[in-house]
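Asker: Below you'll find the structure I mean.
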Amino acid sequence: MAGSARAVGVVEVAITVNGVEHRAPVEPRRLLVHFLREDAGLTGTHVGCDTSNCGACTVLLEGEAVKSCTILAVQADGAAITTVEGLTGADGCFSPVQEGFRQEHGLQCGYCTPGMLMAATGLLSTNPDPTPAEIREALEGNLCRCTGYEMIVNSVRWAAEHPVQVGAKDAAS
């Protein structure tokens, strides 16, 4: 029928997020970032620009840093995703990148921080000893309006130099 609205099909997806499987019926056009925030209830992944320019929505998809606003939830069906909530261990230990941001004051307002943490984690998984230039290149798709990036680069370097998780009680000291 001309002019009538066409019903959009719904697809059941199963995505493992931070080690927990999340199943939900989604429209094929639903973005992964919205699946994570609304269906999985994990709001640490931020929606920043809606144009894939800022990097606030960066997550690890099968270990690779990707902008979750550029991936459809149906494309991630069956995949393993790590969000910023998944960086802290079940025992409360900070990841090296989280601790690096704490030690080197790599955040200010914090809006870009989840994306920065995930991009840095992705970098260190493939390059455990990056140079400052390599860090800047890996983070170039993540925008921060508050810093000059120097403390962020220092935070990632700190993480590279201290690759072991830090206990929560140790982090408070």
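Computed from the coordinates by the stated procedures, all read-outs in this text should not be read as laboratory data. What you see is a predicted model; the values in this text were computed from it and never measured. Every residue, glycine as well, gets a Cβ built from its backbone with ideal geometry; the counts of neighbours run over all protein chains shown.
Asker: Would you tally the residues in the stretch 107-134 being farther than 25 Å from residue 19 by Cβ and over 16 Å from the mean Cα position of the chain (by Cα)?
Answerer: 8
Asker: Hey, can you tell me all the residues within the stretch 113-133 that are hydroxyl-bearing (Ser, Thr, Tyr) and assigned to a helix (DSSP H, G or I)?
Answerer: 113, 121, 125, 126
Asker: Which residues, counting only those in the stretch 49-86, are buried (at least 23 other Cβ atoms within 10 Å of the Cβ) and not in a strand (DSSP E or B)?
Answerer: 55, 56, 57, 68, 69, 73, 76, 83, 84 - these are the residues of the stretch 49-86 that are buried (at least 23 other Cβ atoms within 10 Å of the Cβ) and not in a strand (DSSP E or B).
Asker: For the stretch 126-154, which positions are closer than 18 Å to residue 63 by Cβ and in contact with a Gly (Cβ under 6 Å, 6 or more places away or on another chain)?
Answerer: Within the stretch 126-154, 141, 142 qualify.
Asker: Now a separate question. Filter the stretch 101-112 for residues that are buried (at least 16 other Cβ atoms within 10 Å of the Cβ), in contact with a helix residue (DSSP H, G or I) (Cβ under 6 Å, 6 or more places away or on another chain) and in a loop (DSSP other than H, G, I, E, B) and give the result.
Answerer: 104, 106, 107
Asker: If residue 98 meets every condition in (1) closer than 18 Å to residue 63 by Cβ; (2) surrounded by fewer than 16 Cβ atoms within 10 Å (Cβ to Cβ) apart from one, which number is that one?
Answerer: Unmet for residue 98, out of (1) closer than 18 Å to residue 63 by Cβ; (2) surrounded by fewer than 16 Cβ atoms within 10 Å (Cβ to Cβ): (2).
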